[in-house]
Ligand SMILES: Nc1ncnc2c1ncn2[C@@H]1O[C@H](COP(=O)(O)OP(=O)(O)OP(=O)(O)O)[C@@H](O)[C@H]1O
Ligand SMILES: O=C(O)[C@H](O)CO
C-alpha cells in the first residue's frame with residue numbers, strides 16, 4: 001500500500017501519494033516510463049519480418065501450410081515481393097522453403113541493405129547464395145526508374161509461370177512506390193507527379209491507392225493476373241487501418257473493381273481534374289471490361305495478413321501483464337487530427353485517474369462523443385470505459401491503455417517533427433491540467449521513423465510543462481511550426497525521445513498510456 005503523504009501543497013499542485021518528493025517522483029516516473037518503453041518494444045518485436053513470416057508459413061515435409069490451406073512443394077517455388085519490410089520477409093521465407101525455390105525478385109527501398117547491415121540486422125539480409133535478386137529503388141518513398149525496373153523484372157518472372165508453379169508474393173507498407181507500373185500511355189514521371197500532388201493536397205492513403213490502382217496495370221489484382229495460371233499466395237504485413245487487402249500496397253494480388261468514375265471523383269475532390277496530363281484521361285477513358293472471373297482464377301489466389309497493428313497491440317498487452325500492468329486495448333484504428341486524438345487521451349486519463357470513488361459523470365459522454373472524430377467505434381469506447389471503471393474500483397496496479405493507427409497532422413509550419421512526436425506533445429499538455437495523475441503517454445511509429453526525423457516518437461507525462469518552463473522552451477511556437485523533433489531534442493537532452501532506430505517493420509503507430517490508480 002503506497003505511503004499516504006500529508007497534502008502539504010495547494011490543491012492545483014496536488015500529486016498522488018505514489019509521486020511524493022521530486023526524487024521519488026523521478027524514480028516512480030522512470031519506472032512507469034521504462035515500462036511504457038518496454039511495452040512499445042514488445043509491440044515492434046512482435047511484427048518483425050522474420051517473426052511474422054514464421055507465423056504465416058508452416059512447413060510439413062513437402063507440404064507448405066498457409067492459413068488453412070496446404071500446397072505441394074516440388075522445386076516449383078518462386079518468390080516476388082515489394083515493401084519496406086520485404087527484405088526481412090524474403091530472408092525468412094528462404095530459410096523456410098529455400099530448398100524448393102527456383103528464383104525470386106524483391107523490390108526494396110534504396111539503401112536498405114546498407115542501413116540494415118549498419119544496424120546489425122544481418123538476419124534481415126539475404127545470404128550471398130540466395131536465389132532471390134534484390135533490387136533497390138523508390139528513394140524517399142517515391143516511384144522512380146529503379147523501382148520501375150524492379151516492377152518490370154517482377155512482371156517478367158510472374159508472366160512466365162505455369163499451373164504447376166507456386167508464387168509467394170511478399171507485401172508490406174511502402175509497396176506501392178516499389179512496384180510502379182503506369183498503364184500506357186502514362187509515363188512514370190506523369191504517374192509520380194499525380195501521386196505527389198494528391199499526397200500534398202492531403203489525400204488519404206485510401207484515396208491515393210484507389211487512384212494508383214486505376215492508373216497501374218500491376219496494382220488492383222494486375223500482378224495476380226500476370227501470374228495466372230500459377231498458384232499465388234500473398235503474405236501481407238498490413239500498414240493500413242482495418243487491414244484492407246485491396247488497399248495495402250494498392251492490392252496487386254486482389255482484384256479490384258476500381259471504376260474510372262471513382263478515380264475522377266478523387267481528382268475532383270482535390271481540384272486536380274483540370275490539370276491532369278492527357279495520358280491520365282486516356283487511361284481512365286478505356287472502359288475496363290470487368291469480365292466475371294472464372295472460378296479457377298479466384299481459386300488460384302490466397303491473400304493472408306500475417307502481421308498488423310492488431311498483432312502488435314496483442315503482444316504489447318501480454319508484455320504489459322508481465323510488467324505488472326493491467327492492459328486494455330482501445331482500438332488499432334485510431335485516426336483523425338492529432339489534436340482530437342490527444343483530447344480523447346486526456347479525457348480517458350481523467351476518467352481513469354481522477355480522485356474519488358467515481359469518475360466525473362460528464363466524462364463518459366464527452367469520450368463517447370469523440371468516437372467518430374478519431375475513428376474509434378462506440379462499442380470499443382464503451383468496453384474500454386467499463387474496464388477503466390472496474391479498475392478504478394480494484395485499483396491494485398496501473399492500467400496500460402493500448403491503441404494504434406495513423407492520426408494526421410495539419411502542417412502549418414516548416415519545422416522538423418512527426419505525427420507521433422506531435423501527438424505525444426499534445427497529450428502531454430492534456431496531462432498537465434489541474435489533475436497531476438502521474439499518467440505516462442508514449443506514441444511511436446513501428447517502423448522506427450516519425451516524419452523526416454530519426455525519432456520514432458516521444459514519451460510525455462504531467463510534468464512536461466514544468467520541465468518545459470524550467471528550461472525556457474516554447475510549446476506554442478513548437479506546435480505552430482510543427483517543430484516537435486527540435487523541441488524534444490532540446491528538452492532534457494532529448495531523454496523523452498523514442499529512438500529505436502530503423503526497425504525493419506511497419507504496422508503504423510502504437511500508443512501506450514499508463515494510468516495509475518486514482519487516489520481515494
Ligand atoms: N514536421 C512535422 N510535424 C508533424 N508531422 C509531420 C511533420 N512532417 C511530416 N509530418 C507528418 O508525417 C507523415 C509522414 O510520416 P512518415 O514519414 O513516418 O510516413 P508514414 O506515414 O509512416 O508512411 P510510411 O508507412 O511509408 O512510413 C506526413 O503525413 C505528415 O503529416
Ligand atoms: O505502399 C502503400 O501503398 C502504403 O504503404 C499502404 O500499404
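Residues of segment 147-176 that are within 16 Å of ligand 2 (Cβ to nearest atom) and more than 22 Å from the chain's Cα centre (by Cα): 147, 148, 150, 151, 154. The set of residues in segment 121-157 that are under 16 Å from residue 92 (Cα atoms) and part of a loop (DSSP other than H, G, I, E, B) comprises 121, 125, 126, 127, 128, 129, 130, 131. If you go through segment 180-195 one residue at a time, do you hit one that is more than 11 Å from ligand 2 (Cβ to nearest atom), under 27 Å from residue 337 (Cβ atoms) and part of a loop (DSSP other than H, G, I, E, B)? No: segment 180-195 contains no residue that is more than 11 Å from ligand 2 (Cβ to nearest atom), under 27 Å from residue 337 (Cβ atoms) and part of a loop (DSSP other than H, G, I, E, B).
Do we find a residue being farther than 30 Å from residue 337 by Cα, crowded, with 19+ Cβ neighbours inside 10 Å and modelled with pLDDT of 90 or more anywhere in segment 208-216? For segment 208-216, residues farther than 30 Å from residue 337 by Cα, crowded, with 19+ Cβ neighbours inside 10 Å and modelled with pLDDT of 90 or more: present. None of 312, 316, 320 is within 16 Å of ligand 2 (Cβ to nearest atom), in contact with a helix residue (DSSP H, G or I) (Cβ under 7 Å, 6 or more places away or on another chain), assigned to a helix (DSSP H, G or I) and more than 24 Å from residue 162 (Cβ to Cβ) except 312.
For segment 227-260, the set of residues classified as in a helix (DSSP H, G or I), out of contact with any strand residue (DSSP E or B) (no Cβ under 6 Å at 6 or more places or on another chain) and at pLDDT 95 or above consists of 250 only.
Matching residues to (1) in contact (Cβ under 8 Å) with a residue 24 or more places away in the chain; (2) in contact with a strand residue (DSSP E or B) (Cβ under 7 Å, 6 or more places away or on another chain); (3) crowded, with 16+ Cβ neighbours inside 10 Å:
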residue: 352; (1), (2), (3): yes, yes, yes
residue: 368; (1), (2), (3): no, no, no
residue: 376; (1), (2), (3): yes, yes, yes
residue: 381; (1), (2), (3): yes, no, yes
residue: 392; (1), (2), (3): yes, no, yes
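The values are calculated or read from the model by the stated rules, or taken from the named source; none is laboratory data. All of these numbers come straight from a predicted model, not from anything done at the bench. Virtual Cβ from ideal backbone geometry, glycine too; neighbours counted across all protein chains shown.
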